[in-house]
1. Based on Cα coordinates alone, diagonalise the gyration tensor for region 1-71, multiply each eigenvalue by 5, take square roots, and list the semi-axes in whole Å, largest first.
2. For Tyr45 and Val65, FRET efficiency with R0 = 30 Å and r from the beta-carbon atoms, rounded to 0.05?
3. Measure out, as a whole number of angstrom, how far apart the alpha-carbon centroids of region 46-98 and region 135-193 sit.
4. Nearest 0.05, what FRET efficiency do Ser187 and Ser2 give at R0 = 22 Å with Cβ-Cβ as r?
5. How big is the charge dipole of region 51-189 about its Cα centre, in debye rounded to the nearest 20, if each Lys and Arg gets +1 on its Cβ and each Asp and Glu gets -1 on its Cβ?
6. Would you check the accessible area of His174, probe 1.4 Å, heavy atoms only, in square angstrom rounded to 10?
7. In what sequence, largest accessible area first, do Met11, Met77 appear using a 1.4 Å probe?
8. Quick one: of Lys206/Lys231; Lys10/Lys235; Lys84/Lys107; Lys173/Lys235, which pairs are farther than 20 Å apart, Cα to Cα?
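The values are calculated or read from the model by the stated rules, or taken from the named source; none is laboratory data. Only a predicted model underlies this, so the values are computations on that prediction, with no experimental measurement involved. Cβ atoms come from the backbone with ideal geometry, glycine included; neighbour counts cover every protein chain shown. Heads up: the accessible areas ignore ligands, DNA and RNA and are worked out on the full protein's heavy atoms, side chains in. Shrake-Rupley method; radii C 1.70, N 1.55, O 1.52, S 1.80 Å.
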Amino acid sequence: MSPIIIANWKMNNSLKESEEFCQKISSTNYINNLIIAPPAPYLAYLVRDFADLNFCAQDVSIFDVNGAYTGEYSANMLKSCGVKYCLIGHNERRVLFNESNEIIIRKYQNAIDADLFPIICVGEPLESQYNNYKDHILSQLNFIKDFSSDLIIAYEPAWSIGTQNTPDPERLKHTFEALHNFCKQKSVANKVRLIYGGSVDSNNVKQILSISNIGGVLIGKASIDYTSLMKILDKLYSQ
Ligand code: PGA
């Protein structure tokens, strides 16, 4: 199974830069397993102009019907723009915007109901780097009651995001084994793809993806610039 590569641009790049990036990447051979998550205001333009690329929203509203929710955009609105995927519960949302598991589950349900493919982010915060971190991750997933749709679960330890620290391979192996066993217990191992995120770059991507049960990567900083993302993709797909 080819790995999924998700480029999470966060709040970076102008519309013009984003268009130039998409223009360049769409003429490469790497687009099939690539999902791009640009800032929300660009989504409708990019989906319309680059129909061969896959786009993802970085967030979605907890509200599911239209109404007086200034600043929000619903899962149905994203769907109507042609967006296919949606990140939910990214660590930056959990920490900077106080998103609880209850909020994340509502967003998840809205995404499924609108037929958006959900990508749920989980991971231990800084303070549980060493203690009971697996329990913490599984508790974030235990909130999910409805596993009826296909799902991507992105494991991103807070201490790895934007820090150039990645978990050592042995730790990653055990973490993904625990995630895989969780999915097996829920009888959804065949519906869930597990991916890793946090300081992925061209030097570590191959090693990370060689670990069992890791089916892709979620890349932040190293995906914002075209040359940097291409370096990762070249590394991954060249022999
Ligand atoms: P990073 O971000 O690659 O810059 O560590 C990953 C993420 O936040 O998804």
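1. 24, 15, 11
2. Values: r = 26 Å, r/R0 = 0.85.
About 0.70, to the nearest 0.05.
3. When both Cα centres are located, 22 Å separates them.
4. On the way: r = 25 Å, r/R0 = 1.12.
Plugging the Cβ-Cβ distance into 1/(1 + (r/R0)^6) gives 0.35.
5. Numbers: 12 positive and 18 negative charges, 42 e Å.
Magnitude of the dipole: close to 200 debye.
6. For His174, solvent-accessible area is about 70 Å².
7. Descending accessible area places them as Met11, Met77.
8. As for pairs spanning more than 20 Å Cα to Cα, those are Lys10/Lys235; Lys173/Lys235.
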